[in-house]
1. How about B:Lys177: which aspartates and glutamates have a C-alpha closer than 12 Å to its C-alpha, ignoring those fewer than 8 places off in the same chain?
2. Which whole-angstrom value gives the distance between the alpha carbon centres of segment B:182-217 and segment B:411-479?
3. Calculate the translational D of segment B:361-403 in whole µm² s⁻¹ from Stokes-Einstein, where the hydrodynamic radius comes from the Kirkwood formula applied to all Cα pairs, the temperature is 37 °C and the viscosity 0.692 mPa s.
4. Rg(Cα) of chain A divided by 2.2 N^0.38 Å?
5. Which residues in segment A:224-246 have a backbone N closer than 17 Å to a point placed 7 Å from the Cα of B:Ser372 along the Cα-to-Cβ line?
6. For segment B:291-335 and segment A:257-272, what is the centre-to-centre distance using only Cα atoms, to the nearest Å?
7. Return one number: the angle in degrees, 0 to 90 and rounded to the nearest 10, between the long axis of the Cα atoms of helix B:437-452 and the longest principal axis of the Cα atoms of chain B.
8. Given q = 0.10, 0.11 Å⁻¹, what are the Debye log10 I(q)/I(0) values for segment B:6-236, with equal point scatterers placed on the Cα positions and solvent ignored?
Amino acid sequence: MKKSNREPLFHIAKRGTLPYSKVWGIRVLAVILALLVCAVVTTILTGDNPIQVYGGIIQGAFGSSRKTWITFQNVAVLLIISLALTPAFRMRFWNIGGEGQILMGGLASAACMICLGDKLPNALVILLMFVTSLLAGAIWGLIPAFFKAKWNTNETLATLMMNYIAIQLVAYFTVVWEMPKGSGKIGIINQDSNAGWLPQIFGSKYLLTIFLALIVTLGVHIYLKYSKHGYEICVVGESEQTARYVGIKVEKVIIRTMLVSGALCGLAGLLLVGGINHTITTTITGGQGFTAVMVSWLAKFNPFTMILTSFLIIFLNRGASEISTTFGLNQSFADILTGIILFFIIGCEFFINYKIQFRKKSRKEEKKA
Amino acid sequence: MEQKIAAVSLKNITKTFGPVVANEKVNLDIYKGEILALLGENGSGKTTLMNMLSGIYFPDEGQIFIDGKEAVIKSPKDAFDLGIGMVHQHFKLIDVLTATENIVLGMEGKLNLKDAAVKIQQICEKYGFEVDPNQKIYDMSVSQKQTVEIVKVLFRGANILILDEPTAVLTPQETEKLFSVLRKMREDGKAIVIITHKMHEVESLSDRVAVLRRGCYIGDMMTKDTNAAEMTNMMVGRQVSLNIVRPMPINPKPRIKVDGLTVRSEDGIVKLNDVSFTANSGEILGIAGISGCGQKELLEAIAGLQPAEAGSITYINEDGESEELLGKDPRKIADLGVALSFVPEDRLGMGLVGNMDLTNNMLLRSFRKGRSVFTDRKAPRQLAEKVVEELDVVTPGISTPVRRLSGGNVQKILVGREIASAPTVLLTAYAVRGLDINSSYTIYDLINKQKMKGVAVIFVGEDLDVLLEISDRILVLCGGSVSGIVDGRKTTKAEVGSMMTLIGGDKNNEEK
């Protein structure tokens, strides 16, 4: 028995499925721990009172009714993009071309606003914007999907490259449509006529986006969970062999799913250009095509959980820019805090799936005796 | 008995995976100079127990003694240091490296391939292995790969050798060769543990058998004092009958006619060469052959998954109308009204989706039904419940992902789903691979019931004893060509075995 102290101090063992209450308990604990660590880091690095910094974050997201509305609007846009990527991800098709698909959707609606804005009735312009932006996003999704289906090319590279093409196209049209001439950018489109501006609903310019995001959430959930298409997507994602075995045309599913994914990204582009900014720039997406990848993964591809995860990201983001101005800290410090919080949230998944078993105390005592 | 030294002694070993208890208070001794057969049904914890010995898992409770001293095995390296080596069911070799490179992989110290090759040769000569140290793994047959695995553990000085279902992929001749090597090792004083489901192997090879049931140690006995029926009863915990019935086919009519079928793989290698045969309704057509000589391609071609270069596959229905199946995908074949069921070799990679639950796996065959854009999960749920009940599937519930179930239960779900669609043709590939004896007989029984219903069954098997017992006719493949078709009631194991290695069989060697 003397030698048994060679037993490892701890070892890792898989857990069974935990009850929901415990799973969320672990997550809440992770967030609390993250806040504590952030507090320590803040005090050490800046000397500021962490409570005040946290207050600043909340202030940034919900400080005024306008700030609150903008927070929710941003959540809605990020949510739509994340939902757009989700069908592709469920199929294990790593669409990281959200940026490009959004830009193309935005470019299409900008084109409608600029070229048709004063020539056609407004309702028709908006209808055309919807159709063309969804179509443009879908085409941008279709191209990598086609190559993947036909020649099994790597979709990650192809979708990524398509982003750069989209950015260059937008840059080109910025020069073509620049307004006023020589400014090198497109100003607010149709500022006087408001032609092609998406309508306000219930007297609020924010509600349309939020409303659409909720519809898309519900739609994607139903599509993935209950429709035959959704089922095919899951089977193809899990095993192409099995899909072929039951007669599913894998190529067709890949192309169809990417059309849906790209079209939803195009919708986000439409909202950004036609509903929110009323202009287009190469940076209008703000990297959300990539952020959405994280949002979708964090939510484990569950549309409803995505509401939470996109909220979390936007909340941290908006809070971060607030504290960087009020406390005179630069944006990088805010990013450090965001990083710490995400680290804890992602890291806690490990403790949900595994438990750590320490060396049995009783045996230790046995040895001492 | 008493003076024998226990090379390994397991005391009160318990291992749980979440709520699942894989091993509970297992006590087991393994002696030097002895071959121990470890028996148990699928999911009874044999592999888990051995994995703890080889450092892959760590026991929750209990102690392991090696040569009388308590040992703590935290990693496979610890196991090697204690002289324990395990050959896994799925080979752990790197295809693009040579035998020598694979064998020295992960060893500490200076890399000296030449010396290693010499040492490998010595080991091979000592025990009678045939390995070319410089051959790449991808050029090797399954049995050569297994030999490399065994040499690998011997090279590291293993005195305690664990083999997890080593014969599952071997031909009878290769199995015999392996056994003679293992016997030599026993004479050399090594302790050998073999996990297998084949009773005749247990009887011919092992000295002692130990039985596990549902994670608990049931008992051990000397092989010479027991028999297959007794061992099976111990494993299952109740009386089971070990006879495969073979009723005469009732009114057999041609159902599937394969004519001049030639299939090339994507690399242009001929996988099937001018294969012609007829499968009749109400009859089991066994297909024998060394693994990889065209069985997979043959079944996949019939199921519409494998394009062919030449030939035809004709389906003839009850009324004598015929349809060409070649060039059609599974969906088109189903649309023609051909009720074709296929139990593929790779259950979780092709037949089922491991991460989906039972209901969703049942849905695979039926999700297209109806014109609604939504799936109907009611019928599959009922089917899942029916399969679980009728085939005694051990599962926590129908919403458990199938990959969590043990091999036998996975196979029951697959076979259950495939026969639920009332097929007229049933293709099965290695239907009982990795299944314990009780599950195997359940599957044989199911297949026989289909035959009695008038289904044309094509049964690809690897266990010749079973093929000879269950098949009405046996088609022997050899290197992608038909070596011959024999009557299952009249042929012998020797005849089929020689046909598997030589086209038409070697008549002169038959006496041997």
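Each reported figure results from applying straightforward, stated rules to the coordinates on display, with no laboratory input. Quick caveat, the model's predicted, so the values are computed rather than measured. With ideal geometry, Cβ positions are generated from the backbone for all residues, glycine too; neighbour counts draw on all protein chains shown.
1. B:Glu130
2. 27 Å
3. Values: Rh = 11.3 Å.
Once the numbers are plugged in, D ends up at 291 µm²/s.
4. Numbers: Rg = 24.4 Å, N = 369, 2.2 N^0.38 = 20.8 Å.
Rounded to two decimals, the normalised Rg is 1.17.
5. A:224-232
6. Computed from Cα coordinates, the inter-centre distance equals 41 Å.
7. Value to nearest ten degrees: 10.
8. Per q value, in the given order, log10 I(q)/I(0) is -0.45, -0.54.
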